[in-house]
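Heads up: the structure comes next, in structure tokens.
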Amino acid sequence: MNVLVTGGAGFIGSNFVRLLLHQRPDWRVTVLDKLTYAGNPANLDDLKTSSRFTFYKGDICDGSLMEKLIPPQDAVVNFAAETHVDRSLTGADDFLRTAVLGTNTMLEIIQRHPAIRYIQISTDEVYGSLEEGSATEASPLVPRNPYSASKAGGDLLALSYKESFGLDVLITRSSNNFGPYQYPEKVMPLFITNLLEGKPVPLYGDGLNIRDWLFVEDNCHAILTVLEHGASGHIYNIGAGNEMPNITVTKMILEALNQPESMIRMVEDRPGHDRRYSLVSDKMRLLGWKPEAAFRDQLEATVAWYRENPVWWESLKSGAFKEYYRKMYEERKGYYE
Ligand code: NAD
Ligand code: DAU
């Protein structure tokens with residue numbers, strides 16, 4: 001099996017590549033990644049020596065490059081995206097370009113090589129904010145921020161290639177991932193590394209927004225299951241059933257690091273902050289998938305990873321990140337009050 005993983009130097013993509021190389025000893029994996037601020041070759045350092053692994057720096061919107069990389073593949077798994085909601089609120093051009101035009105670039109090529117299976121990695125955010133109940137794969141798409149709107153656009157485009165040309169397209173929509181190698185702008189690594197640096201943790205709004213936490217390795221196992229056993233044209237929700245208000249997760253992180261609650265800063269809310277995401281993941285369970293361990297154990301393993309790998313995240317939090325942090329947090333109402 002030859003698999004192209006686009007966006008494979010990011011958080012989930014790099015964990016997925018590691019899983020493929022370890023668990024499928026006769027598969028060859030090619031990674032294509034633009035190496036944006038969130039893409040990090042160090043995420044793949046331990047895999048570089050494998051003769052079954054190849055890395056290319058490039059953009060999924062680059063048709064001539066993709067024309068070289070896609071045809072020899074049996075499958076393409078597309079993780080490439082701009083992924084941070086807060087950043088999409090201050091400029092969404094790159095979000096749309098990668099999620100919509102990049103997806104189209106690849107599907108136009110696959111149209112000429114229809115034996116290739118294409119997996120679009122999407123998100124529970126496309127279902128919008130749910131006050132009650134949970135989204136099934138048939139629920140309406142109601143994205144409420146530029147990031148999730150860009151992801152919904154990519155999903156609809158991918159499905160249109162199934163309908164129009166019969167391509168072997170599948171979509172996964174997972175909830176919030178956490179674990180090793182997550183860029184420290186996302187809440188979990190931001191809070192853990194802030195506390196390791198002796199800094200406070202900025203909690204948006206009333207801290208009662210709810211997310212369903214999924215360990216990244218569980219998501220990667222689910223994606224591999226979909227790649228191998230998913231039905232063509234189908235969408236698969238991937239949630240672990242760990243729905244929790246942000247304040248609860250924050251207190252668990254503080255506890256894991258033996259830090260007092262006085263480290264919490266209640267700061268001005270994110271504009272249009274989705275209150276709650278929630279998924280029905282029965283289709284995934286029917287394929288035999290389930291999370292491997294309890295949330296608390298996975299959270300503690302995650303905290304331990306960041307504690308043991310300061311070299312990995314300290315460099316990411318220097319340079320341009322310092323300016324991002326100043327603007328995003330230190331100027332935010334509540335941070336210094
Ligand atoms: P990430 O930001 O860590 O990684 C994204 C990767 O895509 C980076 O390596 C970046 O360099 C690359 N990239 C961006 N634009 C590109 C382009 N035009 N061409 C090639 N590469 C490009 O993100 P992540 O958290 O690993 O998310 C991966 C995918 O999973 C995304 O599609 C995201 O929407 C989806 N997703 C993420 C979560 C989550 O909780 N992190 C949950 C559900 C879905
Ligand atoms: O639900 C899946 C989505 O999860 C993915 O599609 C996105 O790519 C990923 O970034 C993530 O989106 P969120 O907006 O849910 O993740 P984030 O880590 O930014 O925020 C999680 C929650 O924590 C959210 O309710 C906002 C809150 N938060 C976030 C940050 C960065 C804070 O309270 N303080 C913060 O500093």
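A few remarks follow.
- Each DSSP beta bridge with both residues in the chain is either parallel or antiparallel, and the antiparallel ones are about 5%.
- Contour minus Cα-Cα distance for T248 and E337 (0.36 nm per residue): 29.9 nm
- The stretch 190-337 - Kirkwood radius from inverse mean 1/r over Cα pairs (Å): 17.4
- Degrees, to the nearest 10: 11-23 long Cα axis against longest axis of the chain: 60
- Cα centroids of the stretch 125-198 and the stretch 232-272: 15 Å apart.
- Distance between modelled label sites at N258 and Y56, nm, 7 Å Cα→Cβ extension: 5.0
- Computed over the alpha-carbon pairs of the stretch 27-67, the distance histogram in 10 Å steps reads 26, 50, 24 percent, short to long.
- Counting Cα-Cα pairs of the stretch 87-128 in 10 Å increments starting at 0 gives whole-percent bin shares of 22, 45, 26, 7.
- For the chain, the spread of Cα positions along the three principal axes, ordered from largest to smallest, is 59, 45, 38 Å.
- Angle in degrees between helix 295-308 and the longest Cα principal axis of the chain, rounded to the nearest 10: 80
- Pairwise label distance in nanometres, E67 with R296, each label 7 Å out on the Cα-Cβ vector: 5.7
- Computed log10 I(q)/I(0) for the stretch 77-190 at 0.15, 0.20 Å⁻¹: -0.69, -1.13, from the Debye equation with unit scatterers placed on every C-alpha and solvent omitted.
- Carbon and sulfur %, accessible surface of the stretch 162-246 computed with the full protein complex present, 1.4 Å: 50
- Largest GNM mean-square fluctuation among T136, T49, T248, using the chain with Cα springs under 10 Å: T49.
- Computed over the stretch 1-148, Kirkwood Rh from alpha-carbon pairs, angstrom: 16.2
The values are calculated or read from the model by the stated rules, or taken from the named source; none is laboratory data. Just so you know, these numbers come straight off a predicted model, no measurement behind them. Glycine also receives a Cβ, built like all others from the backbone with ideal geometry; neighbour counts cover every protein chain displayed. Note: areas computed on protein heavy atoms with side chains; ligands, DNA, RNA excluded. Shrake-Rupley method; radii C 1.70, N 1.55, O 1.52, S 1.80 Å.
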